[in-house]
1. Within region 22-33, identify whether any single residue is over 22 Å from residue 142 (Cα atoms) and either in contact with a helix residue (DSSP H, G or I) (Cβ under 7 Å, 6 or more places away or on another chain) or part of a loop (DSSP other than H, G, I, E, B) (or both), and answer yes or no.
2. Taking only region 105-142 into account, find how many residues are assigned to a loop (DSSP other than H, G, I, E, B) and either in contact (Cβ under 8 Å) with a residue 24 or more places away in the chain or within 20 Å of residue 45 (Cβ to Cβ) (or both).
3. Suppose we filter region 35-63 for residues that are within 14 Å of the chain's Cα centre (by Cα) and either in a loop (DSSP other than H, G, I, E, B) or within 19 Å of residue 80 (Cα to Cα) (or both); how many remain?
4. Can you tell me which residue is farthest from residue 19 (Cα to Cα) among those in region 79-95 that are without any contact (Cβ under 8 Å) to a residue 24 or more places away in the chain and either within 12 Å of the chain's Cα centre (by Cα) or surrounded by fewer than 16 Cβ atoms within 10 Å (Cβ to Cβ) (or both)?
5. Any residue that is buried (at least 16 other Cβ atoms within 10 Å of the Cβ) and in contact with a helix residue (DSSP H, G or I) (Cβ under 9 Å, 6 or more places away or on another chain) - is there at least one of those in region 64-78?
6. Which residues, taken from region 20-44, are surrounded by fewer than 16 Cβ atoms within 10 Å (Cβ to Cβ) and at pLDDT 95 or above?
7. If a residue has to be in contact with a helix residue (DSSP H, G or I) (Cβ under 6 Å, 6 or more places away or on another chain) and modelled with pLDDT under 95 to count, how many in region 112-142 make the cut?
(Lines give C-alpha, C1' and ligand atoms only; values in the text may rest on other atoms or scores of the structure.)
Protein backbone atom coordinates (compact mmCIF):
# COMPACT_ATOMS: atom_id res chain seq x y z
CA UNK A 1 0.00 0.00 0.00
CA UNK A 2 1.34 3.40 -0.98
CA UNK A 3 0.88 6.45 1.24
CA UNK A 4 0.89 9.72 -0.69
CA UNK A 5 1.08 12.96 1.29
CA UNK A 6 0.92 16.48 -0.11
CA UNK A 7 2.60 19.56 1.20
CA UNK A 8 1.45 23.11 1.76
CA UNK A 9 -0.26 24.70 -1.22
CA UNK A 10 -2.22 23.16 -4.07
CA UNK A 11 -1.23 19.51 -4.63
CA UNK A 12 -2.19 16.84 -7.15
CA UNK A 13 -1.76 13.28 -5.88
CA UNK A 14 -2.24 10.22 -8.11
CA UNK A 15 -2.18 6.76 -6.60
CA UNK A 16 -1.96 4.70 -9.78
CA UNK A 17 -2.36 0.93 -9.57
CA UNK A 18 -2.71 -0.73 -6.17
CA UNK A 19 -4.11 0.24 -2.80
CA UNK A 20 -3.28 3.80 -1.76
CA UNK A 21 -3.82 6.23 1.10
CA UNK A 22 -4.04 9.82 -0.13
CA UNK A 23 -3.53 12.77 2.24
CA UNK A 24 -3.43 16.08 0.41
CA UNK A 25 -2.39 18.17 3.39
CA UNK A 26 0.88 18.72 5.20
CA UNK A 27 0.04 17.19 8.56
CA UNK A 28 1.47 19.44 11.21
CA UNK A 29 1.36 22.65 9.16
CA UNK A 30 -1.87 24.24 7.99
CA UNK A 31 -3.84 21.01 7.50
CA UNK A 32 -5.18 22.16 4.14
CA UNK A 33 -6.24 25.69 5.03
CA UNK A 34 -6.48 27.86 1.90
CA UNK A 35 -5.54 25.08 -0.52
CA UNK A 36 -7.43 22.86 -2.95
CA UNK A 37 -5.79 19.47 -3.42
CA UNK A 38 -6.69 17.06 -6.23
CA UNK A 39 -6.79 13.43 -5.08
CA UNK A 40 -6.93 10.61 -7.64
CA UNK A 41 -6.70 7.08 -6.30
CA UNK A 42 -6.50 5.12 -9.54
CA UNK A 43 -7.06 1.36 -9.60
CA UNK A 44 -7.24 -0.51 -6.30
CA UNK A 45 -8.74 0.04 -2.87
CA UNK A 46 -7.96 3.65 -1.97
CA UNK A 47 -8.44 5.65 1.22
CA UNK A 48 -8.95 9.41 0.89
CA UNK A 49 -8.17 11.11 4.22
CA UNK A 50 -10.10 14.34 4.77
CA UNK A 51 -9.51 14.07 8.50
CA UNK A 52 -7.94 11.87 11.15
CA UNK A 53 -8.75 11.11 14.77
CA UNK A 54 -7.25 14.46 15.83
CA UNK A 55 -8.70 16.99 13.38
CA UNK A 56 -10.62 17.83 10.22
CA UNK A 57 -8.51 18.74 7.24
CA UNK A 58 -9.41 21.71 5.00
CA UNK A 59 -11.23 23.53 7.84
CA UNK A 60 -10.08 27.08 8.53
CA UNK A 61 -11.91 27.08 11.87
CA UNK A 62 -13.87 30.24 10.98
CA UNK A 63 -17.63 29.65 11.30
CA UNK A 64 -18.28 32.77 9.20
CA UNK A 65 -16.66 31.31 6.05
CA UNK A 66 -17.93 28.51 3.81
CA UNK A 67 -14.63 26.86 2.94
CA UNK A 68 -14.95 27.34 -0.81
CA UNK A 69 -11.21 27.99 -1.04
CA UNK A 70 -9.90 24.92 0.79
CA UNK A 71 -11.00 21.34 0.22
CA UNK A 72 -9.88 17.98 -1.06
CA UNK A 73 -11.13 17.25 -4.59
CA UNK A 74 -11.68 13.50 -5.04
CA UNK A 75 -11.74 12.70 -8.75
CA UNK A 76 -12.41 8.95 -8.86
CA UNK A 77 -14.24 7.59 -5.82
CA UNK A 78 -15.20 3.96 -6.46
CA UNK A 79 -17.98 3.19 -3.98
CA UNK A 80 -17.42 -0.56 -4.23
CA UNK A 81 -13.84 -0.43 -2.92
CA UNK A 82 -12.65 3.08 -1.92
CA UNK A 83 -13.23 4.95 1.37
CA UNK A 84 -13.38 8.59 2.47
CA UNK A 85 -12.32 9.21 6.08
CA UNK A 86 -13.79 12.18 7.98
CA UNK A 87 -13.26 13.45 11.53
CA UNK A 88 -16.30 13.50 13.82
CA UNK A 89 -19.79 12.02 13.79
CA UNK A 90 -21.75 11.50 10.58
CA UNK A 91 -24.58 13.79 11.72
CA UNK A 92 -22.16 16.75 11.58
CA UNK A 93 -21.83 16.28 7.81
CA UNK A 94 -24.06 16.59 4.75
CA UNK A 95 -23.70 16.22 0.99
CA UNK A 96 -24.59 19.16 -1.26
CA UNK A 97 -25.08 18.04 -4.87
CA UNK A 98 -24.42 20.35 -7.81
CA UNK A 99 -23.81 20.19 -11.55
CA UNK A 100 -20.21 20.88 -12.48
CA UNK A 101 -19.07 22.99 -15.41
CA UNK A 102 -18.52 19.74 -17.35
CA UNK A 103 -22.08 18.57 -16.70
CA UNK A 104 -21.37 15.86 -14.12
CA UNK A 105 -23.10 15.60 -10.77
CA UNK A 106 -20.63 16.38 -8.00
CA UNK A 107 -21.09 16.38 -4.23
CA UNK A 108 -19.61 18.80 -1.71
CA UNK A 109 -18.96 17.28 1.71
CA UNK A 110 -20.09 19.93 4.20
CA UNK A 111 -19.10 19.98 7.88
CA UNK A 112 -21.84 21.69 9.90
CA UNK A 113 -21.85 20.96 13.65
CA UNK A 114 -24.87 23.08 14.52
CA UNK A 115 -27.04 26.14 14.14
CA UNK A 116 -24.26 28.66 14.78
CA UNK A 117 -21.99 27.42 12.00
CA UNK A 118 -22.29 28.34 8.35
CA UNK A 119 -21.03 24.99 7.09
CA UNK A 120 -17.53 24.30 5.85
CA UNK A 121 -16.67 22.53 2.59
CA UNK A 122 -14.22 19.76 3.50
CA UNK A 123 -14.23 17.87 0.23
CA UNK A 124 -15.77 17.62 -3.23
CA UNK A 125 -16.39 14.28 -4.94
CA UNK A 126 -16.63 14.37 -8.72
CA UNK A 127 -19.08 12.40 -10.85
CA UNK A 128 -21.40 10.76 -8.29
CA UNK A 129 -25.00 9.60 -8.31
CA UNK A 130 -27.39 12.14 -6.80
CA UNK A 131 -28.69 9.52 -4.36
CA UNK A 132 -25.28 9.07 -2.69
CA UNK A 133 -25.66 9.12 1.08
CA UNK A 134 -23.25 9.50 3.99
CA UNK A 135 -24.63 6.19 5.28
CA UNK A 136 -22.83 4.49 2.39
CA UNK A 137 -20.04 2.27 3.80
CA UNK A 138 -17.52 4.21 1.69
CA UNK A 139 -17.70 6.98 4.33
CA UNK A 140 -15.73 6.29 7.50
CA UNK A 141 -16.06 8.58 10.54
CA UNK A 142 -13.35 8.67 13.21
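The values are calculated or read from the model by the stated rules, or taken from the named source; none is laboratory data. All values derive from a computational prediction rather than experimental measurement. All Cβ positions, even for glycine, are placed from backbone atoms using ideal geometry, and neighbour counts span all protein chains on display.
1. No, because not a single residue in region 22-33 is over 22 Å from residue 142 (Cα atoms) and either in contact with a helix residue (DSSP H, G or I) (Cβ under 7 Å, 6 or more places away or on another chain) or part of a loop (DSSP other than H, G, I, E, B) (or both).
2. 18
3. Total satisfying the criteria: 14.
4. So, considering only residues that are without any contact (Cβ under 8 Å) to a residue 24 or more places away in the chain and either within 12 Å of the chain's Cα centre (by Cα) or surrounded by fewer than 16 Cβ atoms within 10 Å (Cβ to Cβ) (or both), the one farthest from residue 19 (Cα to Cα) is 91.
5. no
6. 43
7. 1
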